[in-house]
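Below is one structure, written out as structure tokens; comments come after it.
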Amino acid sequence: MRYDLDDLRLFTHVAAEGSITAGARVMHLSLPSASARVRALEAQAGVPLLIRERRGVRLTPAGATLARHAREVLAETTRLDSAVASYAVSRTAPIRLVAGGSAMHQLVPVALATFLREHPEYDVNVSERRTVRSVRLLAAGEADLGVILDDEPTSLRTEPLADDSLVVIGQAGGTLAGRTSIAYAEVAEHPLVGLDRKSPLTQWMDERLGPHAPAPRYRTVVPTLHTLITLATAGAGLAIVPRRAVDAIAALDICPLQDAWSTRAHLLCYAANAPQSAHLLAGHLHAAAGA
């Protein structure tokens, strides 16, 4: 038995609206045409599908079964069309996005999730880079869009994105309990957990602390912010992290740093020849930052 997809689509609308007239209106069909299609569907099924009443129609048990399966078939057809269409789309060069480790923790993944879902025609190549390197790549046209820190001079177009100030975190009820701020010199007196020496955040802090800063004792160093926050939450030691990375975590004490260098912000930075697709991605980064 073969079913016409338009007939199935019409029948699901009739079932949802409780009226052939309303179903015909949704499908942009005349009432006689829609009625003929429904009668043909009943003839093909060999059983009544609708109970016709003065104020509309009701589904028979067979009609309810057909409507349920028809919705599944139509949904699967939509998924099939989407899957095949993705191969027919004219492929463009991937958007080249560069960002530091802080932005890569939450901001970039959230933005990519919505962008890639809404724009199947575009791909994105993402690289983690320090701000100074990101700016060079953007200036050379080797990247299209960057999430950079606000302390690197550039003649490229930039726009504010999000606060990225650093804070000290520790296990709830521990060393930081009741504190409203703390200086790095005091933080360094406590056991710490930190990111490894190659991480952009560690290198950025080392440059601002200088050679005469107190030498901290790291109980361990780890490669990712996620692991670092997990250890600090468990009481392994204090940690210095971007405030945005821990905004949603309740089981932590969070204390602002008193040092001026800890206040910083993220900017969006555009290459001179950034494609329109990069501007679309920028919109999703702004939305992620706002969320």
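The values are calculated or read from the model by the stated rules, or taken from the named source; none is laboratory data. Because the structure is a prediction, the values reported are computed rather than measured. Glycine also receives a Cβ, built like all others from the backbone with ideal geometry; neighbour counts cover every protein chain displayed. Remember, those area values only see protein heavy atoms, side chains included, never the ligands or the DNA or RNA. Shrake-Rupley method; radii C 1.70, N 1.55, O 1.52, S 1.80 Å.
In this structure, does Leu268 turn out to be more than 28 Å from Leu238 (Cβ to Cβ), part of a helix (DSSP H, G or I) and in contact with a helix residue (DSSP H, G or I) (Cβ under 9 Å, 6 or more places away or on another chain)?
It is false that Leu268 is more than 28 Å from Leu238 (Cβ to Cβ), part of a helix (DSSP H, G or I) and in contact with a helix residue (DSSP H, G or I) (Cβ under 9 Å, 6 or more places away or on another chain).
Which residues, counting only those in the stretch 138-153, are part of a helix (DSSP H, G or I) and either open to solvent by less than 60 Å² (accessible area, probe 1.4 Å) or charged (D, E, K, R) (or both)?
Leu138
Out of the residues in the stretch 189-208 that are open to solvent by less than 40 Å² (accessible area, probe 1.4 Å) and part of a helix (DSSP H, G or I), which is farthest from Leu149 (Cα to Cα)?
Thr202
Yes or no: Tyr184 buried (at least 19 other Cβ atoms within 10 Å of the Cβ) and of a type in the set (Phe, Trp, Tyr)?
When the stated conditions are applied, Tyr184 passes them.
Go through the residues of the stretch 268-276 one by one and say whether even a single one is open to solvent by 10 Å² or more (accessible area, probe 1.4 Å), at pLDDT below 95, in contact with a Gly (Cβ under 9 Å, 6 or more places away or on another chain) and not assigned by the TED database to the domain that holds Arg130.
No: the stretch 268-276 contains no residue that is open to solvent by 10 Å² or more (accessible area, probe 1.4 Å), at pLDDT below 95, in contact with a Gly (Cβ under 9 Å, 6 or more places away or on another chain) and not assigned by the TED database to the domain that holds Arg130.
Thr175 - would you say it is hydroxyl-bearing (Ser, Thr, Tyr), surrounded by 15 or more Cβ atoms within 10 Å (Cβ to Cβ) and farther than 27 Å from Leu267 by Cβ?
yes
Let's see how each residue does on (1) assigned to a helix (DSSP H, G or I); (2) assigned by the TED database to the domain that holds His119; (3) free of Cβ contacts under 8 Å to residues at least 40 places away in the same chain:
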position: Ala15; (1), (2), (3): yes, no, no
position: Gly23; (1), (2), (3): yes, no, yes
position: Ser35; (1), (2), (3): yes, no, yes
position: Arg39; (1), (2), (3): yes, no, yes
position: Pro48; (1), (2), (3): no, no, yes
position: Arg52; (1), (2), (3): no, no, yes
position: Gly63; (1), (2), (3): yes, no, no
position: Leu74; (1), (2), (3): yes, no, no
position: Leu80; (1), (2), (3): yes, no, yes
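Testing Val89 on (1) in contact with an Asp or Glu (Cβ under 7 Å, 6 or more places away or on another chain); (2) modelled with pLDDT of 90 or more, one condition comes back false. Which one is that?
Here Val89 meets the rest and fails (2).
What is the number of the single condition among (1) closer than 16 Å to Gly170 by Cα; (2) touching a residue at least 24 places away in the same chain (Cβ under 8 Å); (3) assigned to a helix (DSSP H, G or I) that Gly235 does not meet?
Only one criterion is unmet by Gly235, namely (3).
Of these, Ala172, Ala143, Ala139, which one is over 22 Å from Trp261 (Cα atoms) and in contact with a Lys or Arg (Cβ under 8 Å, 6 or more places away or on another chain)?
Unique residue meeting the criteria: Ala143.
Name, by its number, the condition in (1) in contact with a His (Cβ under 6 Å, 6 or more places away or on another chain); (2) in a helix (DSSP H, G or I) that does not hold for Glu186.
All conditions pass for Glu186, except number (1).
Identify all residues within the stretch 176-232 that are without any contact (Cβ under 8 Å) to a residue 60 or more places away in the chain and in contact with an Asp or Glu (Cβ under 6 Å, 6 or more places away or on another chain); write none if there are none.
Across the stretch 176-232, the qualifying residues are Val221, Pro223.
If Ala113 satisfies every condition in (1) touching a residue at least 60 places away in the same chain (Cβ under 8 Å); (2) in a helix (DSSP H, G or I); (3) closer than 23 Å to His226 by Cα but one, which is the exception?
Condition not satisfied by Ala113: (1).
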